[in-house]
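Heads up, the thing below is written out as structure tokens.
We did not get these values from a lab; they are worked out from the coordinates using the rules stated. In this text, all values refer to a predicted model and were calculated from it rather than measured experimentally. Because the Cβ atoms are built from the backbone with ideal geometry, glycine has one as well, and the counts that use them run over all protein chains shown.
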Amino acid sequence: MENTTYRNKWFRLLAALAGSLIIVFNGRPFDLIAALAVPIFYPAFIVNFLVALLLVHAIHKVTLHLDKMCPWEEDPIVRLSYQINLGLLAPAFIDVVIISIYFLALGQDIRTNNFFLIDFPIVILLLLIWNAYYCLHYMLLYLKHKRVKPHSD
């Protein structure tokens, strides 16, 4: 399928917002009004939102590139391998590096502050969901394209 487009800029923004709120409130009651009164909420939210935005954007760009270079319908196994490595593992690595720096600035060690036990599994789940969104979106566009385009022998 040629020229796959995802007109989802606002959806990406909302996904980053939702993801950052999920991480910030992970293990705590979701009370945004009370959190807004606590000054420590703002740097945590801003850092998480910017990281989430970066990861969502990275997955978007990787997916666009892979749609052109290695479409799903040509070789799904190779494409899945690329999508896992570039759309899941690379963003997960980026997250670990950035959050490590953030925790280092706070005087914490990412290896001992339970990030890998509490927040990182949620990050992986969110990355999986975002990649699944793109896969399903592509498949729906592909099926729609196949129905509209007349079959020629």
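Numerical summary
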{"read-out": "Lysine pair count for the chain [Cα-Cα under 24 Å; pairs on different chains or 8 or more apart]", "value": "7"}
{"read-out": "Footprinting exposure proxy for Ser100, Ser20, Ser81 (fewest neighbouring C-beta atoms within 10 Å first)", "value": "Ser81, Ser100, Ser20"}
{"read-out": "The stretch 9-148: relative contact order as a whole-number percent, Cα under 8 Å and 6+ apart", "value": "25 percent"}
{"read-out": "Sorted by Cβ density within 10 Å, fewest first, the residues Met139, Met69", "value": "Met69, Met139"}
{"read-out": "Crossing angle, helix 90-105 versus the chain [Cα axis fit, 0-90 degrees, rounded to tens]", "value": "10 degrees"}
{"read-out": "Qualifying chymotrypsin sites (Phe, Trp or Tyr not before Pro) in the stretch 21-53, DSSP loop, other Cβ atoms within 10 Å at most 12", "value": "Phe30"}
{"read-out": "Per-residue ³J(HN,Hα) for the stretch 15-21, Karplus 6.51 cos²θ - 1.76 cosθ + 1.60, θ = phi - 60°, Hz, x for Gly and Pro", "value": "5, 5, 4, 4, x, 5, 5"}
{"read-out": "Distance from the stretch 66-143 to the stretch 45-60 (C-alpha centre basis), Å", "value": "11 Å"}
